[in-house]
1. Of these, S38, S29, which one is among the small types (G, A, S), over 17 Å from E124 (Cβ atoms) and either at pLDDT 95 or above or loosely packed, with under 13 Cβ neighbours inside 10 Å (or both)?
2. I'd like the full set of residues that are within 18 Å of A107 (Cα to Cα) and either of a type in the set (D, E, K, R) or assigned to a strand (DSSP E or B) (or both), limited to the range 6-49.
3. Which condition breaks for D70 when tested against (1) at pLDDT below 95; (2) loosely packed, with under 13 Cβ neighbours inside 10 Å; (3) more than 16 Å from the chain's Cα centre (by Cα); (4) not small (G, A, S)?
4. Assigned to a helix (DSSP H, G or I), out of contact with any helix residue (DSSP H, G or I) (no Cβ under 6 Å at 6 or more places or on another chain) and in contact (Cβ under 8 Å) with a residue 12 or more places away in the chain: which single residue out of I114, I3 fits that description?
5. Among the residues of the range 16-43, write down those that are out of contact with any Ser or Thr (no Cβ under 6 Å at 6 or more places or on another chain) and of a type in the set (S, T, N, Q).
6. Can you go through M16, M1 and tell me which one is at pLDDT 90 or above, farther than 20 Å from E124 by Cα, surrounded by 13 or more Cβ atoms within 10 Å (Cβ to Cβ) and of a type in the set (A, V, I, L, M)?
7. Could you check, for the range 61-75, whether at least one of its residues is touching a residue at least 12 places away in the same chain (Cβ under 8 Å) and within 21 Å of R120 (Cβ to Cβ)?
8. From D55, D51, D103, which residue is at pLDDT below 95 and either more than 13 Å from the chain's Cα centre (by Cα) or under 11 Å from C7 (Cα atoms) (or both)?
Amino acid sequence: MKILILCTGNSCRSQMAHGFLQSFDPELSVYSAGTKASGQVNPKAIEVMKDAGVDISHHTSDPVEKYIHDEWDYVITVCGGANETCPTFSGKVKNRLHIGFDDPSEATRTPEFIQSEYIRVKDEIKKAFYELYLNIIKVHE
């Protein structure tokens with residue numbers, strides 16, 4: 001099963017989702033990309049994922065164009081806020097899903113609050129993608 005997770009910057013939420021989904025089932029072919037890929041994975045995302053037991057430090061932030069000609073079982077967008085436009089994907093896709101999350105990299109105020117936002121979003125992504133894996137992906141393998 002081949003899955004692409006899309007976001008705008010491909011530095012945080014899509015990377016977390018990618019890491020969790022791959023950790024649930026190493027047999028899945030999971031990729032992530034962004035419409036405006038930042039070129040690097042967010043260090044705080046790497047940190048909170050490491051604390052959750054998932055290493056995404058080797059991930060790369062890739063532009064969606066890298067994958068546009070491939071065929072996908074699922075393409076999942078994870079952008080969330082009302083001010084954010086989710087990317088569209090015009091490649092060959094069997095199933096398109098959207099599961100939106102806040103962008104923790106936009107959090108401001110104290111360092112403690114910012115850290116808590118990364119943890120909150122990481123936990124929300126883990127829960128949502130585990131439910132997706134159990135109830136949809138695993139059922140259709």
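1. After ruling out the rest, the residue left standing is S29.
2. C7, R13, K44, E47
3. (2)
4. Testing whether each residue is assigned to a helix (DSSP H, G or I), out of contact with any helix residue (DSSP H, G or I) (no Cβ under 6 Å at 6 or more places or on another chain) and in contact (Cβ under 8 Å) with a residue 12 or more places away in the chain leaves just I114.
5. Listed by number, the residues that qualify are Q22, S23, S29.
6. On the way: M16 fails: farther than 20 Å from E124 by Cα.
It is M1.
7. Checked the range 61-75: no residue is touching a residue at least 12 places away in the same chain (Cβ under 8 Å) and within 21 Å of R120 (Cβ to Cβ).
8. Numbers: D55 fails: at pLDDT below 95; D51 fails: at pLDDT below 95.
Exactly one of D55, D51, D103 is at pLDDT below 95 and either more than 13 Å from the chain's Cα centre (by Cα) or under 11 Å from C7 (Cα atoms) (or both), namely D103.
The values are calculated or read from the model by the stated rules, or taken from the named source; none is laboratory data. Just so it is clear, the model here is predicted, and its values are computed rather than measured. Cβ sites come from the backbone with ideal geometry, for glycine too, and all protein chains shown count toward neighbours.
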